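Each remark here refers to the structure printed beneath this line.
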Amino acid sequence: MTEEQNPVYDRVLRGGTVIDPASGTDAVLDVAINGTTIAAVGGGLAADAAEVVDCSGKWVLPGLVEGHTHIFQYVSKVGAPSDDAHLRRGVVAAADAGTAGASTFAAFRKLVVEPTPMRIVNFLNVSVLGLIDFRFGELMNPDTLVPDDALETAACNPDVVRGFKIRLSEDVVGDNWQMLLKKSLQVAEQAGLPLMVHIGETSEPLPIVLDHLRPGDLVAHCYTGKKHGILDGDEVLPAVTAARERGVLFDSAHGKSNLSFEVARRAIARGFYPDVLSSDTSARNWQGPVFDLLTSMSKLVALGMPPTEAVARATVRPARLLGLDAEGYGRLEAGGPAHVTVVEETEPVVLPDASGNSISAPRLEPTLVLHGGAEVETVPWRGL
């Protein structure tokens, strides 16, 4: 560009490997940005830029979409800070998974959704109490599932409530799991929304639970090492395969106690990838062993998941599930919002699972995060 020419683009991210599963792109390209918008994706764009960012050797991704987290800080003991745990680590949109219930939703909206720069939606806990404290099961008193309250909250807040959440662990539902699950499914059916079901320490084998679920419902913690998981030895249970074939979705949801490297390695070897790759970040784990979504992605890639598949399950797949694709999240395309996460691979580090095991593997680290074209200040990895 000569001195007489005006720049065509405000900023160009030059020479990175653009991985955009929504469009099937996996190539070394430039990404041009004007203001809040992606102006172009292609080759040779840097010559027309006011600012050039060299992304050689890095991955240029759609801004990450976290499909399962707990960020109701200060109200819930399990709430992590949304900015430091997510936005400043490359996540531009996130779904809180059941931390708020109908009785606490107004506070969740006022304290988390409205003041936070990133886009936040949620799966509303079917218990009016929500997940205030892990030590006390929110459905041990089954009367805390009040269908009218859940339905009213969802109907009045369609921009935020994108589904419902029930935890089926024995210490949450006691002996009432089947009745509570059926009532939760009735609520979800009436609202026209999916139900996310937490497994791990359920009282019954997983196939019995899966029999109840509908297409579009989600099973959280699919790689749990706890009893009643998805495997029989090295093989994926036929009931799990059948559930996926009829449209039930599976969420990796690392969490403090629900990612087993052994389970994940065996399932991935059988081609069983999660539909949603999420961190299940909370106040209990964002300082480790989870750390952040990029670390969860790094672990599954190290266990055999192709990088493009991991990126899809942390961008376009959850964006579609949450209805955020209509707002431009989860993809890199000309004319769309400039939500971009640029990452590089570090040297191998020790990465832990939730079962006390560890692997040595490269880690994905954000070097540039743009939300609506605005640069976000990143924070160092908390595992250092």
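Working only within the stretch 158-186, note down all residues that are of a type outside the set (Val, Ile, Thr), surrounded by 19 or more Cβ atoms within 10 Å (Cβ to Cβ) and within 14 Å of residue 105 (Cβ to Cβ).
Within the stretch 158-186, 162, 163, 164, 165 meet the criteria.
Looking at the stretch 227-265, which of the residues that are among the basic types (Lys, Arg) and at pLDDT 95 or above is nearest to residue 356 (Cα to Cα)?
265
What residue, of 204, 189, 152, is at pLDDT below 95 and either within 19 Å of the chain's Cα centre (by Cα) or surrounded by fewer than 19 Cβ atoms within 10 Å (Cβ to Cβ) (or both)?
None of the other options fit; the residue is 204.
Only residues that are among the hydrophobic types (A, V, I, L, M, F, W, C), in contact with a helix residue (DSSP H, G or I) (Cβ under 8 Å, 6 or more places away or on another chain) and farther than 25 Å from residue 30 by Cα: list them for the stretch 303-350, please.
Selection gives 303, 305.
Within the stretch 231-250, can one find any residue that is within 15 Å of the chain's Cα centre (by Cα) and free of Cβ contacts under 8 Å to residues at least 60 places away in the same chain?
Yes, because at least one residue in the stretch 231-250 is within 15 Å of the chain's Cα centre (by Cα) and free of Cβ contacts under 8 Å to residues at least 60 places away in the same chain.
Working only within the stretch 117-141, note down all residues that are in contact with a helix residue (DSSP H, G or I) (Cβ under 6 Å, 6 or more places away or on another chain), free of Cβ contacts under 8 Å to residues at least 40 places away in the same chain and surrounded by fewer than 24 Cβ atoms within 10 Å (Cβ to Cβ).
Correct list: 128, 129, 137.
Give the residues of the stretch 268-303 that are out of contact with any strand residue (DSSP E or B) (no Cβ under 6 Å at 6 or more places or on another chain) and closer than 20 Å to residue 236 by Cα, sorted by residue number.
Of everything in the stretch 268-303, those that are out of contact with any strand residue (DSSP E or B) (no Cβ under 6 Å at 6 or more places or on another chain) and closer than 20 Å to residue 236 by Cα turn out to be 268, 269, 271, 273, 277, 300, 301, 303.
If I ask for residues that are crowded, with 18+ Cβ neighbours inside 10 Å and over 15 Å from residue 294 (Cβ atoms), which ones from the stretch 353-371 would you list?
Scanning the stretch 353-371 gives 353, 354, 370, 371.
If a residue has to be touching a Lys or Arg at 6+ places or on another chain (Cβ under 6 Å) and part of a loop (DSSP other than H, G, I, E, B) to count, how many in the stretch 303-320 make the cut?
Summing the residues that are touching a Lys or Arg at 6+ places or on another chain (Cβ under 6 Å) and part of a loop (DSSP other than H, G, I, E, B) in the stretch 303-320 gives 1.
Looking only at helices (runs of 4 or more DSSP H) that fall completely inside the stretch 208-302, which ones have 1 or more residues that are of a type in the set (Gly, Ala, Ser), in contact with a helix residue (DSSP H, G or I) (Cβ under 8 Å, 6 or more places away or on another chain) and surrounded by fewer than 20 Cβ atoms within 10 Å (Cβ to Cβ)?
Because the criterion is at least 1 residues that are of a type in the set (Gly, Ala, Ser), in contact with a helix residue (DSSP H, G or I) (Cβ under 8 Å, 6 or more places away or on another chain) and surrounded by fewer than 20 Cβ atoms within 10 Å (Cβ to Cβ), the helices (runs of 4 or more DSSP H) in the stretch 208-302 that meet it are 238-245.
Going by the structure shown, is residue 112 over 21 Å from residue 318 (Cα atoms) and in the same structural domain as residue 174 (by TED's automatic domain parsing)?
No: the conditions fail for residue 112.
Within the stretch 23-46, track down each residue that is more than 19 Å from residue 364 (Cβ to Cβ), in contact (Cβ under 8 Å) with a residue 60 or more places away in the chain and aliphatic (A, V, I, L, M).
33, 38, 39, 40, 41 - these are the residues of the stretch 23-46 that are more than 19 Å from residue 364 (Cβ to Cβ), in contact (Cβ under 8 Å) with a residue 60 or more places away in the chain and aliphatic (A, V, I, L, M).
Looking at 326, 314, 319, which one is buried (at least 24 other Cβ atoms within 10 Å of the Cβ) and either of a type in the set (S, T, N, Q) or farther than 23 Å from residue 225 by Cβ (or both)?
When all the criteria are applied, what remains is 319.
Examine the stretch 9-19 for a residue that is without any contact (Cβ under 8 Å) to a residue 40 or more places away in the chain, touching a Gly at 6+ places or on another chain (Cβ under 9 Å) and under 22 Å from residue 306 (Cβ atoms), and state whether such a residue exists.
No; the residues of the stretch 9-19 include none that is without any contact (Cβ under 8 Å) to a residue 40 or more places away in the chain, touching a Gly at 6+ places or on another chain (Cβ under 9 Å) and under 22 Å from residue 306 (Cβ atoms).
From the list 356, 323, which residue is in the same structural domain as residue 257 (by TED's automatic domain parsing) and on the phi > 0 side of the Ramachandran plot?
Being in the same structural domain as residue 257 (by TED's automatic domain parsing) and on the phi > 0 side of the Ramachandran plot holds for just one of 356, 323, which is 323.
Would you check which residues across the stretch 2-52 are more than 28 Å from the chain's Cα centre (by Cα), surrounded by 13 or more Cβ atoms within 10 Å (Cβ to Cβ), of a type outside the set (Gly, Ala, Ser) and in a loop (DSSP other than H, G, I, E, B) and list them?
Across the stretch 2-52, the qualifying residues are 7, 8, 10, 45.
Taking the stretch 212-230, which residues are in contact (Cβ under 8 Å) with a residue 60 or more places away in the chain and touching a Ser or Thr at 6+ places or on another chain (Cβ under 6 Å)?
Result: 225, single match.
The values are calculated or read from the model by the stated rules, or taken from the named source; none is laboratory data. Note that this is a predicted model, so its numbers are computed, not measured. FYI the Cβ positions are ideal-geometry reconstructions off the backbone, even for glycines, and counts take in every protein chain you see.
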